[in-house]
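Nothing in this text is a laboratory measurement; each read-out follows from the coordinates by a stated rule. It should be emphasised that the depicted structure is a prediction, and the values quoted were computed from it without experimental measurement. Counting neighbours? That spans all protein chains shown, and the Cβs are built from the backbone with ideal geometry, glycine included.
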Amino acid sequence: MAQNAFGTEKEALTTGEVARICNVAARTVSKWIDGGRLEGYRIPGSRDRRVHVSALENFVTAHGIPFTAEAPQAATTTRVLLVDLDRTATETVREVLTDVGGFTVETASDALSAAIACGSSVPDVVVFDCSAGDPVAFITALRSRANFASTRFFASGAAFPDGGTSLTRRGFEAVIHKPYSVRVLLEAVTAPRMNARRAG
């Protein structure tokens, strides 16, 4: 039997094997299965779960999750704030950034919640989805504070009428087009600081 993309000949994998492949904790894999994001099943008469290789291939492709040791790594102290209305997608991204990238991640669903979160601690990186509020008003308010001078801001969204130029001119380092993969986000936030980049 030939090896699959994950370097195994197995047709089904344990949650521990999936965790090692995706560079996440086993509890994260269980949450993905319980939440219906990753297709898995329980072995009859047991608490053990299995994931078909084809389901895992679809999952990592759909979410752009890097597997094995090729994932970009960030410093363990990097704090990221994800601001997005889509809670399900945000939770998946949060779990991967935490487990794979070593980030400390906080989430907010709108600009007001994000501003409150920024009041208690200054993030190193903010990824602000345009569905969560006015990105220009948000970045203008935070950039006016001296303690946000080194914070990196990224805008995300499904469409940018001008390709994101107006946002990069207002202080966003890059625009990330949705749907984006976790790999694209990891590469954007771990890359050296640049102005006016487009990711994804």
Approximate spin-label separation residue 113-residue 144, in nm, with each point projected 7 Å along Cα-to-Cβ: 2.4 nm
What do you get for the angle between helix 111-120 and the principal long axis of the chain? Use alpha-carbon atoms, 0 to 90 degrees, nearest ten. 90 degrees
For the chain, with a Gaussian network of springs between Cα atoms less than 10 Å apart, report the residue from 145, 94, 20 with the top mean-square fluctuation. 145
Of the residues 55, 19, 155, which exhibits the maximal mean-square fluctuation in a Gaussian network model of the chain defined by a 10 Å Cα contact cut-off? 55
At 0.36 nm per residue, and after removing the present C-alpha to C-alpha distance, how many nm does the segment from residue 12 to residue 86 gain when stretched out fully? 23.6 nm
Inverse of mean 1/r across different Cα pairs in the chain, Kirkwood, Å: 17.8 Å
Choice from 174, 26, 137 with maximal GNM fluctuation in the chain (Cα, 10 Å cutoff): 137
The range 12-67: Rg to Rh, with Rh as the Kirkwood radius over Cα pairs: 0.93
Give me a comma-separated list of calculated 3J(HN,Hα) values for the range 57-65, in order, Karplus coefficients 6.51, -1.76, 1.60 applied at θ = phi - 60°, integers in Hz, x for any Gly or Pro. 4, 4, 5, 5, 5, 5, 9, x, 7
Considering only DSSP beta bridges with both partners in the chain, what is the antiparallel share in %, to the nearest 5? 20 percent
Counting sequence-distant residues (5 or more places) and residues on other chains, those with an amide H built under 5 Å from that of residue 64 are 182
Going 7 Å from the Cα of residue 25 in the Cα-to-Cβ direction, what parts of the range 35-60 have a backbone nitrogen less than 17 Å from that spot? 35
Using Cα centres only, tell me the gap between the range 119-146 and the range 171-186 in whole Å. 15 Å
Ranked from fewest to most other Cβ atoms within 10 Å of their own Cβ, 92, 190 fall in the order 190, 92
